[in-house]
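Student: Pasting in a structure now, in C-alpha coordinates, and then I'll have a few things to ask.
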Amino acid sequence: MYDIAALKAALEGLAIEDNPQIVRQKSRDFFWYSPVLKRQLEDVTADIVVSAKSEAEVIRVLAACHELDIPVTTRGAGTGNYGQAMPLSGGVVLNLAEMNGVIEVGTGFVRAQAGAIMSAIDDAVRPSGQELRMHPSTYRTATIGGFVAGGSGGVGSINWGGLRDFGNIIELKVVTMEAEPRVLTLTGAELHKVSHAYGTNGIITEVTVPLTAAYDWVDVLVTFSDFAGAARYADALANQDGILTKEIAPIGAPLPHDYFLRHRKFVRADQSVCAVMVAPFAMDAFVAFTSRHGEAAIVYRSDTASAEESKGLPPVYELTWNHTTLRGLRVDPSITYLQVLYPFPDHVQKASRLAELLGDEVPGHLEFVRFDGKITCFGLPIVRYTSEERLNEIIRIHEDMGCPIFNPHRYTLEEGGMKQTDAVQLAFKREADPKGLLNPGKMIAWENPDFDFTSEKTYLFPGLGR
(Lines give C-alpha, C1' and ligand atoms only; values in the text may rest on other atoms or scores of the structure.)
Protein backbone atom coordinates (compact mmCIF):
# COMPACT_ATOMS: atom_id res chain seq x y z
CA MET A 1 0.00 0.00 0.00
CA TYR A 2 2.89 2.34 0.78
CA ASP A 3 6.41 2.60 -0.65
CA ILE A 4 8.12 1.44 2.52
CA ALA A 5 11.34 0.61 0.66
CA ALA A 6 11.66 4.23 -0.49
CA LEU A 7 10.93 5.42 3.05
CA LYS A 8 13.65 3.20 4.51
CA ALA A 9 16.11 4.57 2.01
CA ALA A 10 15.14 8.14 2.87
CA LEU A 11 15.54 7.44 6.59
CA GLU A 12 18.81 5.54 6.37
CA GLY A 13 20.70 5.81 9.67
CA LEU A 14 17.58 6.13 11.82
CA ALA A 15 16.35 3.37 14.14
CA ILE A 16 13.83 1.41 12.06
CA GLU A 17 12.03 -1.76 13.14
CA ASP A 18 10.17 -3.91 10.63
CA ASN A 19 9.92 -7.24 12.46
CA PRO A 20 6.16 -7.92 12.19
CA GLN A 21 5.82 -9.11 15.78
CA ILE A 22 7.59 -6.08 17.24
CA VAL A 23 5.75 -3.70 14.89
CA ARG A 24 2.44 -5.23 16.00
CA GLN A 25 3.42 -4.84 19.65
CA LYS A 26 4.35 -1.18 19.14
CA SER A 27 1.08 -0.60 17.25
CA ARG A 28 -1.06 -1.39 20.29
CA ASP A 29 -2.14 0.44 23.42
CA PHE A 30 -4.57 -0.63 26.16
CA PHE A 31 -7.51 -0.67 23.73
CA TRP A 32 -8.37 -4.16 25.04
CA TYR A 33 -9.92 -2.56 28.14
CA SER A 34 -12.95 -2.32 25.83
CA PRO A 35 -14.46 -5.50 24.37
CA VAL A 36 -15.90 -3.31 21.62
CA LEU A 37 -12.52 -1.89 20.63
CA LYS A 38 -10.87 -5.28 21.05
CA ARG A 39 -13.12 -6.63 18.34
CA GLN A 40 -12.61 -3.62 16.09
CA LEU A 41 -8.89 -2.97 16.50
CA GLU A 42 -7.36 -6.37 17.21
CA ASP A 43 -5.72 -6.60 13.77
CA VAL A 44 -4.54 -2.99 13.47
CA THR A 45 -0.81 -2.71 12.84
CA ALA A 46 1.71 -0.34 11.29
CA ASP A 47 4.13 -1.22 8.49
CA ILE A 48 7.24 -0.09 10.36
CA VAL A 49 8.27 1.61 13.59
CA VAL A 50 10.72 4.49 13.53
CA SER A 51 12.29 5.59 16.83
CA ALA A 52 13.37 9.21 16.82
CA LYS A 53 16.11 10.37 19.19
CA SER A 54 15.90 14.10 18.47
CA GLU A 55 13.67 16.81 17.08
CA ALA A 56 15.80 16.80 13.92
CA GLU A 57 14.99 13.12 13.39
CA VAL A 58 11.28 13.80 13.91
CA ILE A 59 11.45 16.46 11.21
CA ARG A 60 13.25 14.08 8.89
CA VAL A 61 10.61 11.37 9.37
CA LEU A 62 7.69 13.73 8.81
CA ALA A 63 9.23 15.28 5.69
CA ALA A 64 9.90 11.87 4.14
CA CYS A 65 6.44 10.53 4.97
CA HIS A 66 4.82 13.69 3.63
CA GLU A 67 6.63 13.26 0.31
CA LEU A 68 5.64 9.58 0.06
CA ASP A 69 2.07 10.03 1.39
CA ILE A 70 2.66 7.63 4.28
CA PRO A 71 0.62 8.18 7.48
CA VAL A 72 2.34 8.67 10.84
CA THR A 73 0.96 7.77 14.26
CA THR A 74 2.94 8.97 17.27
CA ARG A 75 3.57 6.71 20.24
CA GLY A 76 4.91 7.30 23.72
CA ALA A 77 4.57 4.41 26.16
CA GLY A 78 1.28 3.17 24.71
CA THR A 79 -0.63 3.41 27.99
CA GLY A 80 -3.75 4.99 26.46
CA ASN A 81 -7.01 3.10 26.83
CA TYR A 82 -8.97 3.56 23.63
CA GLY A 83 -6.77 3.26 20.59
CA GLN A 84 -5.38 6.81 20.60
CA ALA A 85 -1.95 5.59 19.50
CA MET A 86 -3.04 2.81 17.14
CA PRO A 87 -2.32 3.26 13.40
CA LEU A 88 -5.70 2.65 11.78
CA SER A 89 -4.23 3.22 8.31
CA GLY A 90 -0.92 1.45 8.84
CA GLY A 91 2.19 3.35 7.79
CA VAL A 92 4.66 4.50 10.42
CA VAL A 93 4.47 4.37 14.18
CA LEU A 94 6.78 7.18 15.32
CA ASN A 95 8.16 6.14 18.68
CA LEU A 96 9.30 9.05 20.87
CA ALA A 97 10.25 6.98 23.93
CA GLU A 98 13.94 7.71 23.43
CA MET A 99 13.36 11.48 23.50
CA ASN A 100 13.17 11.32 27.28
CA GLY A 101 15.38 14.06 28.69
CA VAL A 102 14.49 16.56 31.39
CA ILE A 103 15.76 19.77 29.85
CA GLU A 104 15.20 22.43 32.50
CA VAL A 105 13.93 22.65 36.08
CA GLY A 106 12.98 26.07 37.43
CA THR A 107 10.95 27.56 40.23
CA GLY A 108 7.44 26.38 39.50
CA PHE A 109 8.08 24.63 36.16
CA VAL A 110 9.84 21.80 34.33
CA ARG A 111 10.61 21.44 30.63
CA ALA A 112 11.06 17.92 29.29
CA GLN A 113 11.14 16.00 26.04
CA ALA A 114 7.89 14.32 25.11
CA GLY A 115 9.13 10.81 25.83
CA ALA A 116 10.14 11.51 29.43
CA ILE A 117 8.42 9.14 31.89
CA MET A 118 6.38 11.09 34.43
CA SER A 119 7.89 9.43 37.49
CA ALA A 120 11.37 10.11 36.09
CA ILE A 121 10.46 13.80 35.75
CA ASP A 122 9.45 13.85 39.40
CA ASP A 123 12.73 12.16 40.32
CA ALA A 124 14.58 14.92 38.48
CA VAL A 125 12.67 17.78 40.10
CA ARG A 126 12.42 16.33 43.62
CA PRO A 127 15.79 17.76 44.78
CA SER A 128 14.26 21.22 44.27
CA GLY A 129 11.40 20.34 46.64
CA GLN A 130 8.89 20.23 43.79
CA GLU A 131 6.74 17.69 41.95
CA LEU A 132 4.28 17.51 39.05
CA ARG A 133 0.81 18.85 39.76
CA MET A 134 -0.95 15.82 38.33
CA HIS A 135 -0.29 12.48 36.71
CA PRO A 136 -2.19 9.42 35.49
CA SER A 137 -2.30 6.21 37.49
CA THR A 138 0.24 4.89 34.95
CA TYR A 139 2.72 7.36 36.49
CA ARG A 140 5.60 4.90 36.40
CA THR A 141 5.24 4.11 32.69
CA ALA A 142 3.38 6.98 30.97
CA THR A 143 5.22 9.72 29.07
CA ILE A 144 4.56 13.42 29.52
CA GLY A 145 3.88 13.86 25.79
CA GLY A 146 1.42 10.98 25.76
CA PHE A 147 -0.34 12.42 28.79
CA VAL A 148 -0.76 15.81 27.11
CA ALA A 149 -1.85 14.30 23.79
CA GLY A 150 -4.23 11.67 25.17
CA GLY A 151 -4.91 12.29 28.84
CA SER A 152 -7.35 14.55 30.63
CA GLY A 153 -6.41 14.54 34.32
CA GLY A 154 -5.65 12.17 37.14
CA VAL A 155 -3.98 12.06 40.52
CA GLY A 156 -3.79 15.70 41.62
CA SER A 157 -6.93 16.81 39.77
CA ILE A 158 -8.66 17.25 43.13
CA ASN A 159 -6.54 20.40 43.49
CA TRP A 160 -5.66 21.43 39.95
CA GLY A 161 -8.59 20.38 37.76
CA GLY A 162 -8.14 18.98 34.27
CA LEU A 163 -5.04 18.89 32.13
CA ARG A 164 -6.58 21.27 29.58
CA ASP A 165 -7.56 23.88 32.18
CA PHE A 166 -5.62 27.11 31.72
CA GLY A 167 -2.34 26.98 33.60
CA ASN A 168 -1.83 23.21 33.71
CA ILE A 169 0.31 23.29 30.58
CA ILE A 170 2.71 26.19 30.10
CA GLU A 171 4.26 25.56 26.69
CA LEU A 172 4.42 22.93 23.96
CA LYS A 173 6.85 22.53 21.11
CA VAL A 174 5.13 20.97 18.10
CA VAL A 175 6.36 19.79 14.69
CA THR A 176 4.00 20.09 11.71
CA MET A 177 3.65 17.56 8.87
CA GLU A 178 4.32 19.53 5.73
CA ALA A 179 6.80 19.36 2.86
CA GLU A 180 9.08 21.40 5.09
CA PRO A 181 7.96 20.70 8.67
CA ARG A 182 7.90 23.69 10.98
CA VAL A 183 8.69 23.72 14.69
CA LEU A 184 6.07 25.78 16.52
CA THR A 185 6.04 26.95 20.13
CA LEU A 186 2.50 27.13 21.53
CA THR A 187 1.44 28.92 24.70
CA GLY A 188 -1.75 30.27 26.27
CA ALA A 189 -4.90 29.67 24.24
CA GLU A 190 -2.84 28.12 21.43
CA LEU A 191 -2.20 25.06 23.59
CA HIS A 192 -5.77 23.94 22.98
CA LYS A 193 -4.86 23.23 19.37
CA VAL A 194 -2.91 20.08 20.23
CA SER A 195 -3.65 19.12 23.84
CA HIS A 196 -5.79 15.97 23.94
CA ALA A 197 -5.77 15.78 20.14
CA TYR A 198 -4.21 12.28 19.91
CA GLY A 199 -1.37 13.61 17.74
CA THR A 200 -3.77 14.20 14.84
CA ASN A 201 -2.52 17.68 14.05
CA GLY A 202 1.09 17.97 15.18
CA ILE A 203 3.85 16.02 16.90
CA ILE A 204 4.60 17.22 20.44
CA THR A 205 8.35 17.07 21.07
CA GLU A 206 8.74 19.17 24.23
CA VAL A 207 6.42 19.93 27.13
CA THR A 208 6.65 22.60 29.83
CA VAL A 209 4.31 22.13 32.78
CA PRO A 210 3.98 23.75 36.22
CA LEU A 211 5.27 22.20 39.43
CA THR A 212 4.00 22.39 42.98
CA ALA A 213 5.44 21.64 46.42
CA ALA A 214 6.47 18.00 46.87
CA TYR A 215 5.27 15.84 49.77
CA ASP A 216 5.86 12.28 50.92
CA TRP A 217 2.17 11.55 50.51
CA VAL A 218 0.51 9.23 53.01
CA ASP A 219 -1.59 6.44 51.48
CA VAL A 220 -4.82 5.79 53.37
CA LEU A 221 -7.73 3.38 53.02
CA VAL A 222 -11.03 4.20 54.76
CA THR A 223 -13.82 1.61 54.80
CA PHE A 224 -17.62 2.03 54.72
CA SER A 225 -20.63 -0.27 54.79
CA ASP A 226 -22.00 1.13 51.53
CA PHE A 227 -20.93 3.07 48.46
CA ALA A 228 -23.19 6.04 49.14
CA GLY A 229 -21.51 6.59 52.52
CA ALA A 230 -18.08 6.46 50.91
CA ALA A 231 -19.19 8.97 48.27
CA ARG A 232 -20.62 11.41 50.85
CA TYR A 233 -17.43 11.17 52.90
CA ALA A 234 -15.26 11.75 49.82
CA ASP A 235 -17.25 14.83 48.86
CA ALA A 236 -17.02 16.27 52.37
CA LEU A 237 -13.27 15.59 52.50
CA ALA A 238 -12.72 17.17 49.08
CA ASN A 239 -14.38 20.33 50.39
CA GLN A 240 -12.10 20.58 53.44
CA ASP A 241 -9.90 23.46 52.33
CA GLY A 242 -7.42 22.97 55.15
CA ILE A 243 -6.72 19.27 54.57
CA LEU A 244 -4.31 18.84 51.67
CA THR A 245 -5.03 15.71 49.64
CA LYS A 246 -3.85 14.57 46.22
CA GLU A 247 -6.28 11.73 45.53
CA ILE A 248 -9.80 10.90 46.76
CA ALA A 249 -11.48 7.86 45.23
CA PRO A 250 -14.52 6.01 46.64
CA ILE A 251 -14.72 2.48 45.23
CA GLY A 252 -17.79 0.30 45.78
CA ALA A 253 -17.93 -3.21 47.23
CA PRO A 254 -16.96 -5.84 46.31
CA LEU A 255 -14.27 -4.32 44.06
CA PRO A 256 -11.66 -3.44 46.73
CA HIS A 257 -11.73 -6.93 48.21
CA ASP A 258 -11.98 -8.75 44.87
CA TYR A 259 -9.53 -6.65 42.82
CA PHE A 260 -6.97 -5.19 45.24
CA LEU A 261 -5.40 -8.52 46.04
CA ARG A 262 -2.48 -7.21 48.07
CA HIS A 263 -4.74 -4.91 50.08
CA ARG A 264 -7.42 -7.57 50.58
CA LYS A 265 -6.26 -8.23 54.14
CA PHE A 266 -7.55 -4.78 55.14
CA VAL A 267 -11.02 -4.95 53.53
CA ARG A 268 -14.04 -7.26 53.75
CA ALA A 269 -15.99 -8.24 50.66
CA ASP A 270 -19.02 -6.22 51.80
CA GLN A 271 -17.07 -2.99 52.38
CA SER A 272 -16.64 -0.02 50.10
CA VAL A 273 -13.38 1.93 50.34
CA CYS A 274 -12.24 5.51 49.96
CA ALA A 275 -8.62 5.57 48.75
CA VAL A 276 -6.87 8.80 49.75
CA MET A 277 -3.46 10.45 49.49
CA VAL A 278 -2.88 12.95 52.31
CA ALA A 279 -0.01 15.36 52.96
CA PRO A 280 1.92 14.30 56.11
CA PHE A 281 1.33 17.57 57.95
CA ALA A 282 -2.44 17.16 57.45
CA MET A 283 -2.75 13.65 58.92
CA ASP A 284 -3.86 14.70 62.40
CA ALA A 285 -6.57 16.89 60.88
CA PHE A 286 -7.53 14.10 58.49
CA VAL A 287 -7.92 11.60 61.34
CA ALA A 288 -10.00 14.07 63.33
CA PHE A 289 -12.21 14.77 60.32
CA THR A 290 -12.68 11.06 59.61
CA SER A 291 -13.61 10.32 63.22
CA ARG A 292 -16.68 12.55 62.80
CA HIS A 293 -18.05 10.35 60.00
CA GLY A 294 -19.73 7.62 61.96
CA GLU A 295 -18.82 4.24 60.56
CA ALA A 296 -15.80 5.47 58.59
CA ALA A 297 -12.78 3.41 59.68
CA ILE A 298 -9.16 3.98 58.74
CA VAL A 299 -7.91 0.44 58.07
CA TYR A 300 -4.55 1.32 56.52
CA ARG A 301 -2.21 4.30 56.57
CA SER A 302 1.27 4.02 55.12
CA ASP A 303 2.93 6.32 57.66
CA THR A 304 2.14 4.09 60.65
CA ALA A 305 1.91 0.65 59.03
CA SER A 306 4.55 -1.89 59.94
CA ALA A 307 7.09 -3.04 57.39
CA GLU A 308 5.30 -6.36 57.24
CA GLU A 309 1.90 -4.73 56.61
CA SER A 310 3.28 -2.52 53.82
CA LYS A 311 5.46 -5.16 52.17
CA GLY A 312 4.64 -5.56 48.50
CA LEU A 313 1.77 -3.05 48.49
CA PRO A 314 1.44 -0.86 45.40
CA PRO A 315 0.90 2.87 46.03
CA VAL A 316 -2.69 3.95 46.49
CA TYR A 317 -2.72 5.83 43.17
CA GLU A 318 -2.27 2.42 41.49
CA LEU A 319 -5.65 1.41 42.91
CA THR A 320 -7.41 4.42 41.39
CA TRP A 321 -8.37 5.94 38.05
CA ASN A 322 -8.02 3.25 35.39
CA HIS A 323 -5.75 1.11 37.51
CA THR A 324 -8.96 0.03 39.23
CA THR A 325 -10.09 -1.38 35.88
CA LEU A 326 -6.68 -2.88 35.15
CA ARG A 327 -6.62 -4.74 38.46
CA GLY A 328 -10.15 -5.92 37.79
CA LEU A 329 -9.25 -7.22 34.33
CA ARG A 330 -6.51 -9.34 35.87
CA VAL A 331 -9.16 -11.03 38.02
CA ASP A 332 -12.05 -11.07 35.53
CA PRO A 333 -11.11 -10.41 31.87
CA SER A 334 -14.78 -10.05 30.90
CA ILE A 335 -15.33 -6.72 32.64
CA THR A 336 -15.01 -3.26 31.14
CA TYR A 337 -15.71 0.31 32.30
CA LEU A 338 -17.23 3.70 31.52
CA GLN A 339 -16.10 7.31 31.96
CA VAL A 340 -18.82 9.50 33.48
CA LEU A 341 -19.21 13.09 34.60
CA TYR A 342 -21.57 13.68 37.53
CA PRO A 343 -22.31 17.40 37.30
CA PHE A 344 -22.20 19.73 40.30
CA PRO A 345 -24.10 20.33 42.59
CA ASP A 346 -26.02 17.03 42.88
CA HIS A 347 -23.08 14.86 41.82
CA VAL A 348 -23.08 12.64 44.91
CA GLN A 349 -26.80 11.98 44.69
CA LYS A 350 -26.58 11.10 41.00
CA ALA A 351 -23.60 8.81 41.46
CA SER A 352 -25.21 7.08 44.43
CA ARG A 353 -28.54 6.71 42.64
CA LEU A 354 -26.92 5.15 39.57
CA ALA A 355 -24.90 2.76 41.73
CA GLU A 356 -28.09 1.71 43.51
CA LEU A 357 -30.06 1.41 40.27
CA LEU A 358 -27.47 -0.69 38.41
CA GLY A 359 -26.27 -2.68 41.40
CA ASP A 360 -23.54 -5.28 41.00
CA GLU A 361 -23.75 -5.00 37.20
CA VAL A 362 -22.05 -1.56 37.43
CA PRO A 363 -20.21 -1.19 40.76
CA GLY A 364 -19.40 2.43 41.58
CA HIS A 365 -15.98 4.05 41.31
CA LEU A 366 -15.62 7.83 41.64
CA GLU A 367 -12.67 10.20 41.27
CA PHE A 368 -13.15 13.54 42.98
CA VAL A 369 -11.84 16.49 41.01
CA ARG A 370 -12.04 20.25 40.73
CA PHE A 371 -14.10 20.97 37.62
CA ASP A 372 -14.82 24.55 36.53
CA GLY A 373 -13.83 25.65 40.03
CA LYS A 374 -16.31 23.33 41.77
CA ILE A 375 -15.68 20.06 43.58
CA THR A 376 -17.44 17.27 41.71
CA CYS A 377 -16.60 13.75 40.58
CA PHE A 378 -15.88 11.75 37.52
CA GLY A 379 -16.78 8.09 37.45
CA LEU A 380 -14.92 5.10 36.10
CA PRO A 381 -17.48 2.47 37.11
CA ILE A 382 -16.80 -1.16 36.35
CA VAL A 383 -19.26 -2.76 33.93
CA ARG A 384 -19.87 -6.50 34.02
CA TYR A 385 -20.07 -6.77 30.26
CA THR A 386 -22.65 -8.97 28.59
CA SER A 387 -23.25 -7.37 25.18
CA GLU A 388 -22.68 -4.17 23.26
CA GLU A 389 -26.44 -3.61 23.23
CA ARG A 390 -26.60 -3.71 27.03
CA LEU A 391 -23.53 -1.49 27.27
CA ASN A 392 -25.25 1.12 25.11
CA GLU A 393 -28.36 0.83 27.28
CA ILE A 394 -26.28 1.49 30.40
CA ILE A 395 -24.80 4.54 28.67
CA ARG A 396 -28.31 5.80 27.86
CA ILE A 397 -29.40 5.33 31.48
CA HIS A 398 -26.52 7.55 32.62
CA GLU A 399 -27.17 10.24 30.02
CA ASP A 400 -30.91 10.23 30.69
CA MET A 401 -30.05 11.05 34.31
CA GLY A 402 -27.92 14.02 33.18
CA CYS A 403 -24.53 12.28 33.52
CA PRO A 404 -22.53 12.65 30.27
CA ILE A 405 -20.47 9.69 29.08
CA PHE A 406 -16.96 10.19 27.69
CA ASN A 407 -17.15 6.95 25.76
CA PRO A 408 -14.05 4.73 26.16
CA HIS A 409 -15.49 2.31 23.62
CA ARG A 410 -14.88 4.73 20.74
CA TYR A 411 -11.49 5.61 19.31
CA THR A 412 -12.29 9.00 17.75
CA LEU A 413 -11.75 12.33 19.49
CA GLU A 414 -15.35 13.42 19.16
CA GLU A 415 -17.13 10.21 20.17
CA GLY A 416 -14.92 9.81 23.21
CA GLY A 417 -15.60 13.38 24.29
CA MET A 418 -18.54 15.72 24.02
CA LYS A 419 -19.83 14.47 20.64
CA GLN A 420 -19.09 17.64 18.73
CA THR A 421 -16.45 19.03 16.40
CA ASP A 422 -13.53 20.88 17.98
CA ALA A 423 -13.24 23.76 15.52
CA VAL A 424 -9.88 24.94 16.89
CA GLN A 425 -8.22 21.54 16.52
CA LEU A 426 -9.76 21.02 13.08
CA ALA A 427 -8.50 24.40 11.85
CA PHE A 428 -5.01 23.66 13.14
CA LYS A 429 -5.00 20.28 11.39
CA ARG A 430 -5.79 21.99 8.09
CA GLU A 431 -2.77 24.22 8.66
CA ALA A 432 -0.29 21.76 10.16
CA ASP A 433 -1.25 18.52 8.39
CA PRO A 434 -2.74 19.50 5.01
CA LYS A 435 -2.58 15.95 3.62
CA GLY A 436 -4.26 14.45 6.68
CA LEU A 437 -1.42 12.00 7.33
CA LEU A 438 -1.17 12.38 11.11
CA ASN A 439 -2.98 9.58 12.97
CA PRO A 440 -5.73 9.29 10.35
CA GLY A 441 -9.11 7.98 11.40
CA LYS A 442 -9.18 9.60 14.83
CA MET A 443 -10.75 13.00 13.99
CA ILE A 444 -14.26 12.67 12.59
CA ALA A 445 -14.43 16.34 11.61
CA TRP A 446 -11.59 15.74 9.15
CA GLU A 447 -12.63 12.34 7.85
CA ASN A 448 -16.37 12.94 7.62
CA PRO A 449 -17.58 16.51 8.26
CA ASP A 450 -21.24 15.41 7.89
CA PHE A 451 -21.02 12.72 10.57
CA ASP A 452 -24.24 12.43 12.61
CA PHE A 453 -23.15 12.32 16.26
CA THR A 454 -26.70 11.60 17.42
CA SER A 455 -27.23 8.46 15.36
CA GLU A 456 -26.17 5.10 16.72
CA LYS A 457 -26.44 3.69 13.20
CA THR A 458 -23.98 6.12 11.61
CA TYR A 459 -20.46 4.71 11.72
CA LEU A 460 -17.21 6.04 10.40
CA PHE A 461 -15.18 3.05 9.31
CA PRO A 462 -17.28 0.10 8.09
CA GLY A 463 -14.09 -1.78 7.27
CA LEU A 464 -13.31 -1.92 10.99
CA GLY A 465 -16.67 -3.40 11.82
CA ARG A 466 -18.32 -0.24 13.09
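Student: VAL155 - would you say it is open to solvent by 20 Å² or more (accessible area, probe 1.4 Å), touching a residue at least 60 places away in the same chain (Cβ under 8 Å) and either touching a helix residue (DSSP H, G or I) at 6+ places or on another chain (Cβ under 9 Å) or aromatic (Phe, Trp, Tyr) (or both)?
Tutor: no
Student: Between GLY90, GLY78, which is out of contact with any helix residue (DSSP H, G or I) (no Cβ under 7 Å at 6 or more places or on another chain), buried (at least 22 other Cβ atoms within 10 Å of the Cβ) and among the small types (Gly, Ala, Ser)? Give the derivation first.
Tutor: Working: GLY90 fails: buried (at least 22 other Cβ atoms within 10 Å of the Cβ).
Sole residue among the options that is out of contact with any helix residue (DSSP H, G or I) (no Cβ under 7 Å at 6 or more places or on another chain), buried (at least 22 other Cβ atoms within 10 Å of the Cβ) and among the small types (Gly, Ala, Ser): GLY78.
Student: I'm trying to understand the selection: among the residues of the range 43-67, which are in a loop (DSSP other than H, G, I, E, B) and open to solvent by 20 Å² or more (accessible area, probe 1.4 Å)?
Tutor: Correct list: ASP43, THR45, ASP47, LYS53, SER54.
Student: Looking at the range 418-433, is at least one residue open to solvent by less than 10 Å² (accessible area, probe 1.4 Å), under 25 Å from SER27 (Cα atoms), at pLDDT 95 or above and of a type outside the set (D, E, K, R)?
Tutor: Yes, the range 418-433 contains a residue that is open to solvent by less than 10 Å² (accessible area, probe 1.4 Å), under 25 Å from SER27 (Cα atoms), at pLDDT 95 or above and of a type outside the set (D, E, K, R).
Student: Moving on. Can you find, within the range 376-409, the residue that is farthest from GLY83 (Cα to Cα) among those that are of a type in the set (Val, Ile, Thr) and open to solvent by 10 Å² or more (accessible area, probe 1.4 Å)?
Tutor: This residue is ILE397.
Student: Those residues that are surrounded by fewer than 19 Cβ atoms within 10 Å (Cβ to Cβ) and closer than 25 Å to THR79 by Cα, I need them from the range 163-190; list them, please. Reasoning before the result, please.
Tutor: At the first step, the residues of the range 163-190 found to be surrounded by fewer than 19 Cβ atoms within 10 Å (Cβ to Cβ) are 164-167, 170-171, 178-180, 182-185, 187-190.
ARG164, ASP165, PHE166, GLY167, ILE170, GLU171 - these are the residues of the range 163-190 that are surrounded by fewer than 19 Cβ atoms within 10 Å (Cβ to Cβ) and closer than 25 Å to THR79 by Cα.
Student: Now a separate question. Taking only the range 191-216 into account, find how many residues are surrounded by 17 or more Cβ atoms within 10 Å (Cβ to Cβ) and not in a loop (DSSP other than H, G, I, E, B).
Tutor: Total satisfying the criteria: 11.
Student: Considering only the range 222-299, give the helices (runs of 4 or more DSSP H) lying wholly within it that have at least 2 residues that are buried (at least 19 other Cβ atoms within 10 Å of the Cβ), among the aromatic types (Phe, Trp, Tyr) and touching a residue at least 24 places away in the same chain (Cβ under 8 Å).
Tutor: The helices (runs of 4 or more DSSP H) meeting that bar are 227-238.
Here's the yes/no breakdown for (1) at positive phi; (2) in contact with an Asp or Glu (Cβ under 7 Å, 6 or more places away or on another chain):
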| residue | (1), (2) |
| --- | --- |
| VAL267 | no, no |
| MET277 | no, yes |
| ALA282 | no, no |
| PHE286 | no, no |
| GLY294 | yes, no |
| THR304 | no, no |
| ALA307 | no, no |
| LYS311 | no, no |
| LEU319 | no, no |
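Student: Count, please, the residues in the range 315-334 that happen to be among the hydrophobic types (A, V, I, L, M, F, W, C) and surrounded by fewer than 20 Cβ atoms within 10 Å (Cβ to Cβ).
Tutor: Step one: filter the range 315-334 for residues among the hydrophobic types (A, V, I, L, M, F, W, C), giving 316, 319, 321, 326, 329, 331.
Okay, now just the ones that are also surrounded by fewer than 20 Cβ atoms within 10 Å (Cβ to Cβ), so 326, 329, 331.
Count: 3.
Student: Let me ask something else about it. Restricting to the range 16-39, give me the number of residues that are open to solvent by less than 40 Å² (accessible area, probe 1.4 Å) and within 30 Å of GLU67 (Cα to Cα).
Tutor: Here the count works out to 3.
Student: Restricting attention to the range 77-128, which residues are more than 20 Å from ILE16 (Cα to Cα) and of a type in the set (D, E, K, R)?
Tutor: Residues satisfying the conditions are GLU104, ARG111, ASP122, ASP123, ARG126.
The values are calculated or read from the model by the stated rules, or taken from the named source; none is laboratory data. Please read these numbers as outputs of a predicted model, since none were measured by experiment. Ideal geometry is used to build each Cβ from the backbone, glycine not excepted, and the neighbour counts take in all protein chains shown. For accessibility, only protein heavy atoms count, side chains too; no ligands or nucleic acids. Shrake-Rupley method; radii C 1.70, N 1.55, O 1.52, S 1.80 Å.
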